[in-house]
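Trainee: This structure is in structure tokens; I'll ask about it shortly.
The values are calculated or read from the model by the stated rules, or taken from the named source; none is laboratory data. Just so we're clear, the structure is a prediction, and the values are computed from it rather than from any experiment. Don't worry about glycine lacking a Cβ; one is built from the backbone with ideal geometry, like all the others, and counts go over all protein chains shown.
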């Protein structure tokens, strides 16, 4: 199953906060993805927490952010937690 989590950008390029993920959501649905497999989480840090709460052995996670520095420590810490729990 494909599951996508969209988050708002720190730099929305002069768009109102939350508009960009809504536009991406619309395009994904028009492209054939099921809306039930797509979630929007506005804050990048909360999105990272959510992704790691759902990951299971063998899953592939792709985290693509505009500004890696604010979430990198969260990603590393959550990875350590997942690795030590399995």
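Trainee: Restricting attention to the stretch 55-69, and to residues there that are in contact with a helix residue (DSSP H, G or I) (Cβ under 7 Å, 6 or more places away or on another chain) and within 18 Å of residue 81 (Cα to Cα), which single residue is surrounded by the most Cβ atoms within 10 Å (Cβ to Cβ)?
Mentor: Across the stretch 55-69, the extreme among qualifying residues is 63.
Trainee: Search the stretch 32-44 for residues being in contact (Cβ under 8 Å) with a residue 24 or more places away in the chain and in a loop (DSSP other than H, G, I, E, B), and hand back the single one that is farthest from residue 6 (Cα to Cα). Full working, then the answer.
Mentor: Looking only at the stretch 32-44, we keep the residues that are in contact (Cβ under 8 Å) with a residue 24 or more places away in the chain, and these are 33, 37-44.
From what is left, the residues that are in a loop (DSSP other than H, G, I, E, B) are 33, 41-43.
On the way: 33: 13, 41: 6, 42: 8, 43: 9 Å.
This residue is 33.
Quick grid of which residues meet (1) part of a helix (DSSP H, G or I); (2) at pLDDT below 80; (3) closer than 27 Å to residue 18 by Cβ; (4) touching a strand residue (DSSP E or B) at 6+ places or on another chain (Cβ under 8 Å):
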position	(1), (2), (3), (4)
46	yes, no, yes, no
50	yes, no, yes, yes
53	yes, no, yes, no
58	no, no, no, no
64	no, yes, yes, no
73	yes, no, yes, no
77	yes, no, yes, no
80	yes, no, no, no
83	yes, yes, no, no
